[in-house]
Amino acid sequence: MKKLIYKVPALLSLAVVCCLAFVNPNLSPTVEAFTTKGWEFPGNMSFKTTSSYPYINSSWGSAVSVWNNEQDYWRLYRAPGSMNDLTDEYTTSSSRYGVMTTYYDSDNDVTRFKGRLNRSMYAIRSNSRVRQSSAVHEIGHAAGLSHTSNYAIMNTSRDRTELIEPTFDDRNGIDAIY
């Protein structure tokens with residue numbers, strides 16, 4: 001009986017410490033789900049849309065508005081003479097919805113970017129939500145976010161008809177970069 005009395009408080013103490021580790025973030029390690037590219041916008045940046053397809057230009061414009069409303073670190077603004085181009089391409093890849101090419105300097109500041117939505121994909125041509133999801137994803141790359149496997153706009157396996165704006169994970173990634 002005496003051994004049991006000593007074991008109960010010890011087991012109870014161990015259970016309390018384990019519970020605190022899950023509840024108190026200071027006792028458990030922080031896990032960051034987002035991943036970054038290593039570059040960032042140096043501040044506000046201009047862009048132009050140059051697709052000959054109005055639905056592509058409209059999707060880029062919507063994606064820019066989404067990102068401008070999701071964070072306070074930088075703004076993208078339309079300027080016809082910008083060297084940053086958001087446009088389209090026709091690539092027969094069955095899995096490439098879009099691509100972003102980003103150039104940066106030795107300080108890892110973005111100097112130029114070019115985003116392209118793949119109009120050869122039926123979903124890009126026919127579904128505005130898929131276009132917006134793809135455009136928001138590509139601008140995320142220009143801003144410094146990489147792919148993730150989490151519930152995020154930066155997940156390449158996301159449902160593009162449902163997930164069309166940055167998630168908590170995407171915003172945490174932007175907060176970490178800027």
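Within segment 45-177, what percent of beta bridges assigned by DSSP are antiparallel, to the nearest 5?
The answer is about 40 percent antiparallel.
Using a Förster distance of 25 Å, how high is the FRET efficiency between Ser157 and Tyr103, based on the Cβ-Cβ distance and rounded to 0.05?
0.35
Using Cβ contacts closer than 10 Å as the measure, can you line up Phe168, Phe47 from fewest to most?
Phe168, Phe47
Sorted from fewest to most neighbouring beta carbons within 10 Å, what does the list Asp175, Asp169 look like?
Placing the least packed residue first, the sequence is Asp175, Asp169.
Please report, in Å, the Rg and the Dmax of segment 45-177, where both are computed over Cα atoms only.
Rg and Dmax of segment 45-177, Cα atoms, are 13.7, 40 Å.
Would you mind checking which residues have amide H under 5 Å from Arg75's amide H? H placed 1.01 Å from N; only 5 or more apart, or other chain.
Placed amide hydrogens put Asn44, Met45 under 5 Å from Arg75.
Apply the Karplus curve 6.51 cos²θ - 1.76 cosθ + 1.60, θ = phi - 60°, to the phi angles in segment 91-100 and return the couplings in whole Hz, x for Gly and Pro.
Here the 3J(HN,Hα) series is 10, 7, 4, 7, 10, 9, 7, x, 8, 10 Hz.
By per-residue mean of other Cβ atoms within 10 Å, what is the highest-first order of 152-161, 73-82, 126-135?
Going by the mean number of other Cβ atoms within 10 Å, highest first, we get 126-135, 152-161, 73-82.
Evaluate the Debye formula for segment 37-109 with equal point scatterers sitting on the alpha carbons, no solvent, and hand back log10 of I(q)/I(0) at q = 0.16 Å⁻¹, in q order, two decimals.
With no solvent term, the Cα-only Debye profile gives -0.68.
Karplus couplings for segment 67-72 from phi (6.51 cos²θ - 1.76 cosθ + 1.60, θ = phi - 60°), rounded to Hz, Gly and Pro as x?
5, 4, 7, 8, 8, 10
All of the numbers you see were taken from the coordinates with simple rules; none came from a lab. On a predicted model such as this, the values are computed, not experimentally measured, just so you know. Here the Cβ is made from the backbone with ideal geometry for all residues, glycine too, and neighbour counts use every protein chain on show.
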